[in-house]
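Below you'll find the structure, written out as structure tokens, and then a few comments.
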Amino acid sequence: MKRIALYFILLGISPIIAQTGTIKGIIYDKQSESPLIGAVVELLNASETTGVITDFDGRFTLNNVQVGRQAILITYLGYEPYTIPNIEVTSGKDVFINIGLTEAFNQLDEVVLTSNMNKEKPINELATVSTRQFGLEEVTRFSGGRSDVGRLAANFAGVSSPDDSRNDIVVRGNSPTGLLWRLEGIPIPSPNHFGTAGTTGSPVSALNPNMLKNSDFLTSAFPAEYGNAIGGVFDLGFRNGNIDKYEFTFQTGIFTGVEAMAEGPLGKNKGSFLIAGRYSLISLLGVGAGGTSATPNYSDLSIHLNFGKSALGRFSIFGIMGNSDIEFLGNEINEDDLFAAADENTTAKSRFGVLGLKHQLQLGQNSYLRSIISGSFSGNDFNIDRYIDKETSDERLLQYAKVDNSETRFTFSTLFNSKLNNKSALRIGTLVENFNVKYLLKDRNKQPDNNADGDPDFFTFRDIDENILLIQPYAHIQYRLSEQLTINGGVHAQYSGLNKQFVLEPRSSLTYQVAPKHTINLGYGLHQQSIALPLLFLNEEINVQLVQTNKDLDFMRSSHFVLGYDVKLNSSWRGKIELYYQDIDKAGVEPFASGYSTLTEGANFIFDNNRVSLVNDGTGFNTGIEFTLERFFNKGYYGLFTGSFFESKYTASDGLERNSPFNNGYVVNLLGGREFKVGRTRKNIFFIDTRLTSSGGRYYTPVDLQASQEAGFEVLREGLTYSAQYDTYFRWDVKFGIKLNGKVKKRSHQIYLDLQNVTSNENVFARRYNRQTNNIDQVNQIGFFPDFGYRLQF
């Protein structure tokens with residue numbers, strides 16, 4: 001009888017036992033990255049006091065944590081306490097977090113149990129202005145984001161995305177080419193499918209968000225370790241796999257594709273592996289998406305192997321590999337296709353890969369040496385065949401454009417970081433990159449018929465095989481003058497082997513906590529970036545010789561000035577205001593009076609191919625004010641409002657100040673979400689998220705219709721460069737779904753439906769000359785589009 005009673009008791013509580021999860025992680029000193037032994041990790045808001053202490057490696061494990069959103073408090077003698085709220089615990093997967101603690105300015109005699117919400121602080125402790133931390137949960141939560149880190153950033157203050165069909169990021173009015181992508185501490189090519197040489201965005205991301213740990217996004221006045229960028233920085237890192245058990249994830253979505261991921265322990269030194277592969281779902285379904293009726297094919301594979309701690313230090317291997325291709329056949333596309341023309345057959349292929357070896361050696365308790373060696377590859381092939389005299393007896397197919405670009409990069413990075421004391425830290429390092437660039441571009445567009453064969457000449461705009469060496473040493477020091485005042489200062493240098501340039505770039509910032517909940521930030525940085533490589537290697541025909549007349553252009557130069565004010569309104573609400581001014585000079589412009597500047601390039605698949613003999617006489621500026629009001633997830637809901645009001649202008653060789661194509665004037669985002677506990681045990685979650693976005697229209701150069709009709713190709717009104725503006729952009733997205741935690745087995749499910757542009761607002765993509773209609777046609781961006789997703793974790 002007792003055995004039967006016990007059976008029914010266990011049966012009754014088994015769902016409760018099963019519907020728990022695990023939180024584990026590592027606690028370390030934020031400045032020296034040495035593990036903290038004996039730190040106290042306490043689960044807050046639990047029915048019973050639950051806490052553990054970290055082991056010799058700084059590791060902790062909290063078992064049998066109730067599923068749902070939880071919070072933990074970390075305390076350690078002599079260090080500032082740290083609270084992490086809104087940790088989403090599920091029954092299908094362990095939660096792993098790394099937490100860096102900051103040593104108190106004055107040594108404490110006892111542990112002070114106070115709570116500070118630090119989510120707004122960046123991962124990089126040297127980045128104190130214009131920096132936002134983000135994580136996997138945000139990337140996958142926001143509606144309309146397609147699980148794309150680039151589209152996530154478009155919700156942040158100071159950021160806009162030029163159109164729905166690409167994930168280019170415009171930071172404070174800068175061209176997307178001003179963006180730097182970094183992975184595990186090294187620069188990488190644009191991590192996107194269907195990318196092209198020199199660009200930083202594309203229609204589909206090749207970055208798997210399930211691989212990412214919390215990372216930083218910087219919008220100006222970067223610390224000294226970042227270089228060769230004037231717009232923004234994505235500083236990404238891969239998380240470690242589970243060191244204790246094997247876990248698996250399967251998921252699918254319209255844009256992310258079909259995905260499988262596995263992770264688990266590796267070796268005897270508490271190492272781990274993490275590997276994920278994805279394949280295009282719309283390719284399997286044989287349909288088009290993202291503004292075209294053609295079927296895009298793409299796949300990617302990501303790995304992170306952490307070999308744990310050994311006598312020689314910590315070693316890890318990371319990598320991404322992606323492939324994509326699409327074929328636009330003129331007879332099969334729709335009239336409103338964003339990327340194709342009815343009288344052309346176009347094929348596009350792209351490749352992307354990164355493989356790196358990372359080593360970190362602890363030097364005593366307060367210092368470490370981190371070195372990375374990596375190789376990366378990116379390339380794209382693009383071919384256009386145009387029908388001449390289509391649908392007539394003289395119809396023929398003529399090769400009209402050929403592109404074959406590849407870039408191979410070998411990178412070595414090393415840095416020495418030392419926590420000098422509880423008030424100061426030093427970081428010095430260098431980055432060496434060697435590029436092998438092979439570019440081929442042949443095109444008939446807008447070319448004369450000099451050989452009198454009846455067709456425009458097939459001119460070779462680029463045909464190069466070059467090696468470029470770029471060296472970037474830097475030094476940065478942080479000093480805490482008091483508990484309220486912190487100063488950062490550093491210098492970054494760049495040397496280009498292409499034209500023997502050497503430049504120095506000072507950086508500095510100041511953070512002053514004027515009151516417990518009020519902080520003022522000041523930042524300054526001088527930043528320089530090379531002109532986009534597709535422009536540097538353009539050919540110009542001089543005395544029947546093809547000469548690369550842009551090859552010796554200097555770096556563009558940009559001075560950033562930032563003033564920020566942060567306020568913690570309460571434990572859940574945060575407000576922020578930033579004022580900025582960016583002064584740019586040494587941009588590339590034409591040697592005669594025109595409205596062209598290299599500052600206007602970058603928000604498309606291609607660069608102008610007729611801009612030769614450029615000189616570094618162009619200038620520009622970006623200035624604005626940004627507002628952020630954010631409610632962190634608490635009591636079942638969150639909210640985010642960001643507003644950016646700015647001007648982005650440039651001056652070319654004709655001396656006229658013009659709007660840049662990225663001068664929207666304003667961008668406003670309003671996001672919110674709510675979670676509801678459902679089910680008998682209240683352990684499952686129904687959620688709904690929404691996003692409203694509005695911005696001023698982009699500036700563009702009007703088409704000269706008469707000249708286009710006479711020429712047979714689009715001719716722009718150069719005298720009115722970027723003088724016209726598209727209508728205001730507006731979009732509303734709604735996402736809802738359910739999260740189910742397994743009652744018996746270690747398993748969780750998530751299903752969602754993401755309704756993008758629910759009002760089907762007709763936002764303008766372009767007004768362009770159409771050879772078939774012989775008129776100027778308006779093409780709109782993507783209308784209403786439903787996305788869905790399913791995830792299984794076990």
**Message:** Cβ-Cβ distance below 6 Å, separation of 6 or more or different chains: which pairs start in region 291-313 with a residue that is without any contact (Cβ under 8 Å) to a residue 40 or more places away in the chain and end on one that is in a loop (DSSP other than H, G, I, E, B) and buried (at least 17 other Cβ atoms within 10 Å of the Cβ)?
**Reply:** THR295/GLY288; ASN297/SER280
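Pull up region 386-397, narrow it to residues that are part of a strand (DSSP E or B) and surrounded by fewer than 16 Cβ atoms within 10 Å (Cβ to Cβ), then point me to the one that is nearest to the chain's Cα centre (by Cα).
First, the residues of region 386-397 that are part of a strand (DSSP E or B): 386-388, 396-397.
Applying the additional criterion that residues be surrounded by fewer than 16 Cβ atoms within 10 Å (Cβ to Cβ) yields 388, 396-397.
Working: ILE388: 42, ARG396: 43, LEU397: 40 Å.
Looking at the filtered set, the residue picked out is LEU397.
Out of PHE621, PHE713, PHE646, PHE632, report the one residue that is touching a residue at least 40 places away in the same chain (Cβ under 8 Å), touching an Asp or Glu at 6+ places or on another chain (Cβ under 7 Å) and assigned by TED's automatic domain parsing to the domain that holds GLU601. Steps first, answer last, please.
Details: PHE713 fails: touching an Asp or Glu at 6+ places or on another chain (Cβ under 7 Å); PHE646 fails: touching an Asp or Glu at 6+ places or on another chain (Cβ under 7 Å); PHE632 fails: touching an Asp or Glu at 6+ places or on another chain (Cβ under 7 Å).
On inspection, the qualifying residue turns out to be PHE621.
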**Message:** Just to be sure I understand the filter: pairs with C-beta atoms under 6 Å, separated by 6 or more residues or on different chains, first member in region 141-156 and touching a residue at least 60 places away in the same chain (Cβ under 8 Å), second member acidic (Asp, Glu) and not in a loop (DSSP other than H, G, I, E, B). Which pairs pass?
**Reply:** SER143/ASP689; SER143/ASP733; SER143/ASP754; GLY144/ASP733
**Asked** Just for region 729-755: of the residues that are among the polar types (S, T, N, Q) and more than 25 Å from the chain's Cα centre (by Cα), which one is nearest to LEU152 (Cα to Cα)?
**Response** SER748
**Message:** The conditions are (1) in contact (Cβ under 8 Å) with a residue 60 or more places away in the chain; (2) of a type in the set (S, T, N, Q); (3) over 20 Å from SER143 (Cα atoms), and SER695 fails exactly one of them. Which is it?
**Reply:** (3)
**Prompt:** For region 630-659, which residues satisfy the criterion of being more than 22 Å from the chain's Cα centre (by Cα) and under 30 Å from VAL89 (Cα atoms)?
**Reply:** ARG631, PHE633, ASN634, LYS635, GLY636, TYR637, TYR638
**Request:** Could you identify the single residue in SER482, SER558, SER571 that is touching a residue at least 24 places away in the same chain (Cβ under 8 Å), at negative phi and surrounded by 19 or more Cβ atoms within 10 Å (Cβ to Cβ)?
**Result:** SER558
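Would a scan of region 288-304 turn up a residue that is under 30 Å from SER34 (Cβ atoms), among the acidic types (Asp, Glu), outside any loop (DSSP other than H, G, I, E, B) and within 22 Å of the chain's Cα centre (by Cα)?
Going residue by residue through region 288-304, those that are under 30 Å from SER34 (Cβ atoms) are 302-304.
With the extra rule that they be among the acidic types (Asp, Glu), the set shrinks to none.
No, every residue in region 288-304 fails to be under 30 Å from SER34 (Cβ atoms), among the acidic types (Asp, Glu), outside any loop (DSSP other than H, G, I, E, B) and within 22 Å of the chain's Cα centre (by Cα).
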**Message:** Give all pairs with beta carbons closer than 6 Å in which a residue from region 779-793 that is farther than 18 Å from LEU338 by Cβ meets a residue that is assigned to a strand (DSSP E or B) and aliphatic (A, V, I, L, M); count only pairs at least 6 apart in sequence or on separate chains.
**Reply:** PRO786/LEU755; PHE788/LEU753; TYR790/ILE751
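Each row is one residue, and each column tells you yes or no for (1) at pLDDT 95 or above; (2) under 23 Å from THR430 (Cα atoms); (3) in contact with a helix residue (DSSP H, G or I) (Cβ under 7 Å, 6 or more places away or on another chain).
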position	(1), (2), (3)
LEU126	no, yes, no
PHE142	no, no, yes
VAL149	no, no, yes
LEU152	no, no, yes
ASN155	no, no, no
ILE169	no, no, yes
LEU180	yes, yes, no
LEU183	yes, yes, no
HIS193	yes, no, no
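The values are calculated or read from the model by the stated rules, or taken from the named source; none is laboratory data. Note that the structure is a prediction, hence the values are computed from the model and not measured. In this analysis, Cβ positions are derived from the backbone assuming ideal geometry, glycine residues included, and neighbour counts consider all displayed protein chains.
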